[in-house]
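Enquirer: To start, I am sharing the structure in question, which I have written as structure tokens.
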Amino acid sequence: MAKPFDVIVVGIGSMGASACWHLAKRGLRVLGLEQGPIPNPEASFAGATRAIRLSYTEHPDYVPLLQGAYEKWEILEEECGEELLRLTGALYMGPEEGDLVSGASRSAKEHDLSHSLYTHNELHQNWPQFKLPDSFVGLYEERAGYLLSERAVEAFVKEARRHGADIRGGQMVTSWSAGDTGVKVCTGGEEYFAEHLVMAAGAWVGKLLGNLDISLRVTRQVLGWVAPASAEHFTADRFPVWVLDGNDGEGVYYGFPLTPDGSGGQGLKLALHWPGREVDPDTVERGVNFGDDRDIKDALNRFIPLGMGPVVSQKVCLYTNTADGHFIVDRHPDYARVSLACGFSGHGFKFASVMGEVLADLATTGKTDWPIGFLGLSRFVR
């Protein structure tokens, strides 16, 4: 008997929504299931913006995927008729031999990416907004900036539906199974059948993959927006997306320029990129607590005193962290009809446009030409 769907995608966040778009464009019968509303304000893409950059400090192997991601974001912009990607440049600052600047330099050199290096004095001359230790140097890349993350997920969903995808909110997956003839997904009183399953459930994926011991840690992260007293210094023509290695080896601070139209949130956005307190995604405190703005205020006080001002907004989001900080994108080791995309460890959104194509490839052919070998499950599951 023919199944009503070719592919079921569980989780309509950044990766799942992109997978629906790519699959539907191929003419496949796609069902997307999301436990919350669409878009889900509790998903990890919430918070208006996410950075995108090519000189990737985390590992040079990500760069080819990023180059593909830029192309796919531009295609999505053309299809939906909206601006989703804004280039402001990106500035990396830290000790010359530190992981941040040396990692960005390594990726830039290995992949022949356009970039410029700055001494401490040159950083001060070009970006006087920053107050930096004497040991800090910088790397600047022009082809970097930020994505309007919530708009982007809405665009994925809109275009996937335009191509025929059936995407449903309020569908909490309670169980799934896979066999030689297909997959079954249950959501309370409903059962859905398909040829293939894509699991992209973000912070909830560990609860759906209980049979896989991949040690995913979900952590609570806080983003903040401040109203700087000297706003004219922080417009995109004077102040790029930035990353700063200034937390004594425990993560990096990062932030964005002001967006006068409010699309990036009301104020100057910044945060600490470092796994926070481990939480259960179903019971995590979504409200803002006393002290949640500590990292934001510390970064401003130490490194951007011109940006000091009242904290006007904060947003809680979740990281789903792997043990090594790298993604998991692979087929399930026990079920050939199931593909996984999870553990993006707080730096995955920028890849969503290309990861959707990777997942579409895995669902339709079981393989992909994109270089994802270093993201395989074999790192954790033998």
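Enquirer: Please give the number of the condition R53 fails out of (1) within 18 Å of the chain's Cα centre (by Cα); (2) over 21 Å from A341 (Cβ atoms).
Expert: That leaves (2) as the condition not met.
Enquirer: Here is a follow-up. I'd like the full set of residues that are within 12 Å of the chain's Cα centre (by Cα) and either without any contact (Cβ under 8 Å) to a residue 60 or more places away in the chain or farther than 18 Å from Y70 by Cα (or both), limited to region 345-368.
Expert: Matches in region 345-368: S345, G346.
Enquirer: OK, next. Name the residue that is nearest to the chain's Cα centre (by Cα), counting only residues in region 163-181 that are part of a loop (DSSP other than H, G, I, E, B) and among the hydroxyl-bearing types (S, T, Y).
Expert: Selected residue: T174.
Enquirer: Now a separate question. Go over the candidates G27, G68, G89, G103 one by one and state the one that is on the phi > 0 side of the Ramachandran plot and outside the structural domain of L359 (by TED's automatic domain parsing).
Expert: G89
Enquirer: Yes or no: region 254-272 includes at least one residue that is among the acidic types (D, E) and under 22 Å from the mean Cα position of the chain (by Cα).
Expert: no
Enquirer: Where in region 90-162 are there helices (runs of 4 or more DSSP H), lying fully within it, with 1 or more residues that are touching a residue at least 24 places away in the same chain (Cβ under 8 Å) and in contact with a Phe, Trp or Tyr (Cβ under 6 Å, 6 or more places away or on another chain)?
Expert: It comes to 99-110, 149-162.
Enquirer: Quick check on my filter: what residues within region 339-353 are buried (at least 23 other Cβ atoms within 10 Å of the Cβ) and not polar (S, T, N, Q)?
Expert: Of everything in region 339-353, those that are buried (at least 23 other Cβ atoms within 10 Å of the Cβ) and not polar (S, T, N, Q) turn out to be L340, A341, C342, G343, F344, G348, F349, K350, F351, A352.
Enquirer: Further question on the same structure: Taking the condition of being touching a helix residue (DSSP H, G or I) at 6+ places or on another chain (Cβ under 6 Å) and surrounded by 15 or more Cβ atoms within 10 Å (Cβ to Cβ), how many residues in region 107-124 meet it?
Expert: Result for region 107-124: 3.
Enquirer: Follow-up question, since we're still on this one. What's the number of the only condition in (1) surrounded by 23 or more Cβ atoms within 10 Å (Cβ to Cβ); (2) among the small types (G, A, S); (3) closer than 26 Å to G287 by Cα that G251 fails to meet?
Expert: The failed condition is (1).
Enquirer: Something else now. Find all pairs meeting these conditions: Cβ atoms under 6 angstrom apart; at least six residues apart or on different chains; first residue within region 283-303 and buried (at least 18 other Cβ atoms within 10 Å of the Cβ); second residue assigned to a helix (DSSP H, G or I).
Expert: Pairs found: L300/G307.
The values are calculated or read from the model by the stated rules, or taken from the named source; none is laboratory data. These figures come from a predicted structure and were not determined experimentally. No Cβ is skipped: glycine too gets one built from the backbone with ideal geometry, and neighbour counts run over all protein chains shown.
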